[in-house]
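Below: one structure, written as structure tokens.
The values are calculated or read from the model by the stated rules, or taken from the named source; none is laboratory data. What you see is a predicted model; the values in this text were computed from it and never measured. Every residue, glycine as well, gets a Cβ built from its backbone with ideal geometry; the counts of neighbours run over all protein chains shown.
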């Protein structure tokens, strides 16, 4: 049986000492010759090739990865707009429950709220609608941008594609986007440089609404290194993240402000 690797990621466990990293299992997403997705976790001591030959995989049902389509969802135009990006659920998050489908449905709900509230805000990711996968939401159609802020701060963007970068303009753009979503009662809850994109004109755009929603309890802990001690979705979380991003932009810092395992 064909086993084609789709994604693979190494994990790390919280260290007993600050200066050490403890390798955890490697998580592999693969598909068979029917296109069905599977997940395999294997010890870091063996290769992924060996693991796929010797270890079983757990099937990921479509019903636990993709949310059901409902009539109130905007369908993306046909043909799809130029320079688009299709965001799909991340199977690496699969844990045997419908958590992937639930998170994806939550992001679609927030994007639909933003769409219905007003015309597109220039500092919020442009949402075109969703694409179907049978009875499910197969993906979210979004505008594609040049790069993210983290890549700019790490100087990882090639010079011929790098957009203009004005730190104060970027900060003002992020603030304007946050004010817009906060006025609608929505908390983003994961403001960090990887969730800020820049377009070809250097305008900052907030993306990634998979942890967003109304204030209240949440299982999301934020991006490691950019959040700590979170158990609730609050506007204060966004203000904290915005403050950390401001500091990173103004001081050209690419490192995370908190320890990865700090909580």
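Among the residues of the stretch 79-111, which ones are out of contact with any strand residue (DSSP E or B) (no Cβ under 9 Å at 6 or more places or on another chain) and more than 19 Å from residue 28 (Cα to Cα)?
79, 82, 102, 103, listed by residue number.
Report, by residue number, each residue of the stretch 115-131 that is in contact with a helix residue (DSSP H, G or I) (Cβ under 7 Å, 6 or more places away or on another chain) and either surrounded by fewer than 17 Cβ atoms within 10 Å (Cβ to Cβ) or under 16 Å from residue 211 (Cβ atoms) (or both).
Quick first cut of the stretch 115-131, residues in contact with a helix residue (DSSP H, G or I) (Cβ under 7 Å, 6 or more places away or on another chain) only: 121, 123-124, 127, 130.
If the condition is that a residue be in contact with a helix residue (DSSP H, G or I) (Cβ under 7 Å, 6 or more places away or on another chain) and either surrounded by fewer than 17 Cβ atoms within 10 Å (Cβ to Cβ) or under 16 Å from residue 211 (Cβ atoms) (or both), then 124 is the only one that fits.
When you look at residue 157, is it over 28 Å from residue 104 (Cβ atoms) and touching a residue at least 60 places away in the same chain (Cβ under 8 Å), yes or no? Walk me through it before giving the result.
Working: over 28 Å from residue 104 (Cβ atoms): yes; touching a residue at least 60 places away in the same chain (Cβ under 8 Å): no.
No: the conditions fail for residue 157.
Under the condition of being surrounded by fewer than 21 Cβ atoms within 10 Å (Cβ to Cβ) and touching a strand residue (DSSP E or B) at 6+ places or on another chain (Cβ under 8 Å), which residue from the stretch 221-250 is modelled with the lowest pLDDT?
The extreme case among them is 231.
Here is a list of conditions, (1) farther than 30 Å from residue 129 by Cα; (2) in contact with a strand residue (DSSP E or B) (Cβ under 8 Å, 6 or more places away or on another chain), and residue 45 meets all of them except one; can you say which number that is?
Here residue 45 meets the rest and fails (2).
Do the conditions hold for residue 51, that is, is it assigned by the TED database to the domain that holds residue 30, part of a helix (DSSP H, G or I) and surrounded by 12 or more Cβ atoms within 10 Å (Cβ to Cβ)?
Numbers: assigned by the TED database to the domain that holds residue 30: yes; part of a helix (DSSP H, G or I): yes; surrounded by 12 or more Cβ atoms within 10 Å (Cβ to Cβ): yes.
Yes; evaluated as a whole, the condition is true for this residue.
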